[in-house]
1. For the Cα atoms of the chain, what angle does the longest principal axis make with the long axis of helix 271-298, in degrees from 0 to 90, nearest 10?
2. Can you give me the Cα centroid spacing of the stretch 92-130 and the stretch 257-315 in angstrom?
3. Counting pairs of alpha carbon atoms under 8 Å apart in space and at least six apart in sequence, what relative contact order in percent does the stretch 96-149 give?
4. Could you order the peptides 273-286, 131-144 from most to least packed, using the average number of other C-beta atoms within 10 Å per residue?
5. If packing is taken as the average count of other Cβ atoms within 10 Å, what order do 115-123, 86-94 fall into, highest mean first?
6. Using only Cα atoms, what Kirkwood radius does the stretch 1-153 have, in angstroms?
7. Report relative contact order for the stretch 184-302 in percent, whole number only (criteria: Cα-Cα under 8 Å, sequence separation at least 6).
8. What is the angle, in °, between the Cα long axis of helix 300-328 and the longest principal axis of the Cα atoms in the chain? Nearest 10 is fine, range 0 to 90.
Ligand code: TRP
């Protein structure tokens, strides 16, 4: 079975964007691969170093969310990045194999710096060594476990590419030890926010979280953006311009969609009623996820154990890999 590895920064709960973008994909992959899922607390600290409490709290929250969507801890090794010291060690060795200018050119790093002006300055003048270097640490995440494939979205492509470059450089200098990983692009699309924004995100305030209670969901859906040309209840409208219809397509029974669509186009369906129907199907959709979440919330010791077991397994694999790396780099003093 091939080894795959991916990571998530524990900085908040999962929302529907995560679920449709990555979660559904993970569910399909867990049966086919030896799956390592890293809770990337060290990487999360690179842009949250002043708020360690947030990172700490979210390690367990995000693990609980991932279990709630139905990932099976028997199939997926959940582990905590900071508990694998080999990753940090490997990061130091890799840091010689990458130039600072190459890191500055990494498109993902660039766009993140641009988004985090309050942290890194309007021109990136306050960028930290740690943040600039996180692609190196991510290359260590992947190769520490001999990861062959990295399931991720398009935004992670430059990071996997940079990892491949590091691998090639390492192998050319020290001998062929490392595998060049490939990205396993998620087939699932990025979903839009309730406001029609192309991206659903915490900072945009347009997300539905897996943990949202029914009252919150009601408020959010009632405020969702609909076709602005529709003023009165019986005006015809265009479902393609309506976020309520967009979400119906995601969570409402497929059989009901043609009716919703044609009633909307003919002006036979008011937005309020349409939203009420969406609230119901959204609650229905989230019910099994919330039930599993409730179970894990009531048994936090089970989540701890899952992280413990996954971390132990990951540590074993990392130690093996580290041995090979140190041998190749002539750092094997203990042999
Ligand atoms: N960079 C990823 C993110 O921001 C998280 C991550 C950490 C990751 N380590 C990884 C992704 C290894 C893929 C492989 O979401």
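1. 40
2. 36
3. After rounding, I find 26 percent.
4. Order by mean packing, descending: 131-144, 273-286.
5. 86-94, 115-123
6. After inverting the mean inverse Cα-Cα distance, the result is 16.3 Å.
7. For the stretch 184-302, the relative contact order is 22 percent.
8. 40
Laboratory data are not the source of any read-out in this text; all were calculated from the coordinates shown. What you see is a predicted model, and the numbers here were worked out from it, not measured in a lab. Virtual Cβ from ideal backbone geometry, glycine too; neighbours counted across all protein chains shown.
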